[in-house]
1. Identify, from the list Asp154, Asp85, the residue that is in contact with a Phe, Trp or Tyr (Cβ under 9 Å, 6 or more places away or on another chain) and without any contact (Cβ under 8 Å) to a residue 60 or more places away in the chain.
2. When you check Asp69 against the structure, is it open to solvent by 50 Å² or more (accessible area, probe 1.4 Å) and either of a type in the set (Asp, Glu) or touching a His at 6+ places or on another chain (Cβ under 7 Å) (or both), yes or no?
3. Give the residue, chosen from Tyr213, Tyr195, Tyr228, Tyr209, that is among the hydroxyl-bearing types (Ser, Thr, Tyr) and over 30 Å from Gly8 (Cβ atoms).
4. Any idea which residue in segment 152-174 is farthest from Val122 (Cα to Cα), counting only those that are part of a helix (DSSP H, G or I) and of a type outside the set (A, V, I, L, M)?
5. Would you be able to say whether some residue in segment 50-62 is among the β-branched types (Val, Ile, Thr), open to solvent by 40 Å² or more (accessible area, probe 1.4 Å), over 29 Å from Glu129 (Cα atoms) and modelled with pLDDT of 95 or more?
6. One residue is enough: does segment 169-184 have a residue meeting the conditions touching a Pro at 6+ places or on another chain (Cβ under 7 Å) and at negative phi?
7. If I go through segment 128-149 residue by residue, how many of them are more than 19 Å from the chain's Cα centre (by Cα) and touching a residue at least 40 places away in the same chain (Cβ under 8 Å)?
8. Kindly indicate the residue of segment 218-265 that is open to solvent by less than 50 Å² (accessible area, probe 1.4 Å) and more than 30 Å from Arg175 (Cα to Cα) and also nearest to the chain's Cα centre (by Cα) among those meeting that condition.
Amino acid sequence: MKELLRVGGGVDLSAIDTSGTPGFDGDKDAGEDALAAGTEELTELQEKLFAASRSGDTRSVLLVLQAMDTAGKGGIVKHVVGSVDPQGVEIAAFKRPTPEEEAHGFLWRIRKRLPTAGMIGVFDRSHYESVLIHRVRGLSPLDEVETRYAQIVDFEEELRAAGTTVVKVMLHISRDEQKSRLLERLERPDKHWKYNPGDVDERAYWDDYMDAYRLAIERTSTDSAPWYVVPADRKWYARLAVQHLLLDALRGLDAQWPTADFDVEVEKRRLAAT
């Protein structure tokens with residue numbers, strides 16, 4: 001699944017089936033069963049990483065989630081990342097920059113929310129907003145946007161060198177599926193709070209956003225921080241795919257339980273005597 005989702009060089013987003021399930025040939029029920037089955041290992045690997053940091057291991061994992069609205073970022077946070085111990089997770093949802101943030105470089109606020117040692121960090125949107133919406137809506141001069149791709153590559157290489165494994169995911173939803181999900185939010189009173197009228201305005205720029213994503217992926221997908229495009233029309237598959245990518249990242253770290261810094265047998269005798 002990992003290799004099927006990984007992209008780099010040139011990418012044609014229009015050629016990717018947003019309702020596909022690359023690397024998995026089961027149905028929704030099988031996918032949900034597989035997600036549940038992976039939870040135990042994900043929890044153990046996250047706990048190992050967290051525990052190892054208590055004995056000096058400085059490594060961490062950063063999951064970057066980028067997508068058009070309604071693509072399921074919140075569902076990933078809830079159903080995948082939310083299945084592990086919350087004390088080992090740091091989540092940052094980057095909204096419109098504050099005046100203070102705008103006064104600094106675009107990476108300033110990002111650096112402040114990077115995961116610390118032993119943590120799984122999650123960026124719900126990220127530094128990539130500065131080359132996506134800024135490019136599409138002209139929020140920054142185009143020549144400035146152009147310089148940011150190289151800055152992002154350097155930044156992510158810096159993270160890798162410091163021990164942070166970066167997992168970058170574009171949840172790729174179709175325009176029709178987004179329309180369906182927005183309509184559902186309008187038809188259900190319990191979903192009205194999630195509806196943003198501005199999302200309809202952004203749909204007019206759909207092709208521009210797809211081109212902006214293509215450019216971002218092509219220019220910033222590297223061996224140390226590759227992009228993964230995850231078909232997101234089927235929520236259950238997107239969750240399973242991201243879980244798979246996180247599992248792969250954590251397995252690669254091979255964190256170990258820290259050894260006791262006390263005599264276990266002595267402590268057993270002491271405890272038995274109380």
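1. On the way: Asp154 fails: in contact with a Phe, Trp or Tyr (Cβ under 9 Å, 6 or more places away or on another chain).
From the options Asp154, Asp85, the qualifying one is Asp85.
2. Working: open to solvent by 50 Å² or more (accessible area, probe 1.4 Å): no; either of a type in the set (Asp, Glu) or touching a His at 6+ places or on another chain (Cβ under 7 Å) (or both): yes.
No, not satisfied.
3. Details: Tyr213 fails: over 30 Å from Gly8 (Cβ atoms); Tyr228 fails: over 30 Å from Gly8 (Cβ atoms); Tyr209 fails: over 30 Å from Gly8 (Cβ atoms).
From the options Tyr213, Tyr195, Tyr228, Tyr209, the qualifying one is Tyr195.
4. To start, the set of residues in segment 152-174 that are part of a helix (DSSP H, G or I) comprises 152-161.
Narrowing further to those that are of a type outside the set (A, V, I, L, M): 154-158, 160.
Details: Asp154: 20, Phe155: 17, Glu156: 15, Glu157: 18, Glu158: 18, Arg160: 16 Å.
Filtering first and then ranking leaves Asp154.
5. Pass one, segment 50-62, residues among the β-branched types (Val, Ile, Thr): 58, 61.
Those still in the list that are open to solvent by 40 Å² or more (accessible area, probe 1.4 Å) too: 58.
Filter again for over 29 Å from Glu129 (Cα atoms), leaving none.
Taking every residue of segment 50-62 in turn, none turns out to be among the β-branched types (Val, Ile, Thr), open to solvent by 40 Å² or more (accessible area, probe 1.4 Å), over 29 Å from Glu129 (Cα atoms) and modelled with pLDDT of 95 or more.
6. Initial filter on segment 169-184 (touching a Pro at 6+ places or on another chain (Cβ under 7 Å)): 172.
Subsequent filtering for residues that are at negative phi retains 172.
Yes: one or more hits.
7. Within segment 128-149, the first condition is being more than 19 Å from the chain's Cα centre (by Cα), and the residues that meet it are 134-148.
Within this subset, residues satisfying the condition of being touching a residue at least 40 places away in the same chain (Cβ under 8 Å) are 135-137, 148.
Within segment 128-149, residues that are more than 19 Å from the chain's Cα centre (by Cα) and touching a residue at least 40 places away in the same chain (Cβ under 8 Å) number 4.
8. Let us first name the residues in segment 218-265 that are open to solvent by less than 50 Å² (accessible area, probe 1.4 Å), namely 220-222, 224-233, 236-238, 240-243, 245-247, 249-250, 253, 255.
With the extra rule that they be more than 30 Å from Arg175 (Cα to Cα), the set shrinks to 224, 249-250, 253, 255.
Details: Ser224: 15, Ala249: 12, Leu250: 14, Leu253: 17, Ala255: 21 Å.
It comes out as Ala249.
The values are calculated or read from the model by the stated rules, or taken from the named source; none is laboratory data. Quick caveat, the model's predicted, so the values are computed rather than measured. Note that we place each Cβ from the backbone using ideal geometry, even for glycine, and neighbour counts take in every protein chain shown. When the accessible area is computed, the model is the full protein with side chains, heavy atoms only, and any ligands, DNA or RNA have been set aside. Shrake-Rupley method; radii C 1.70, N 1.55, O 1.52, S 1.80 Å.
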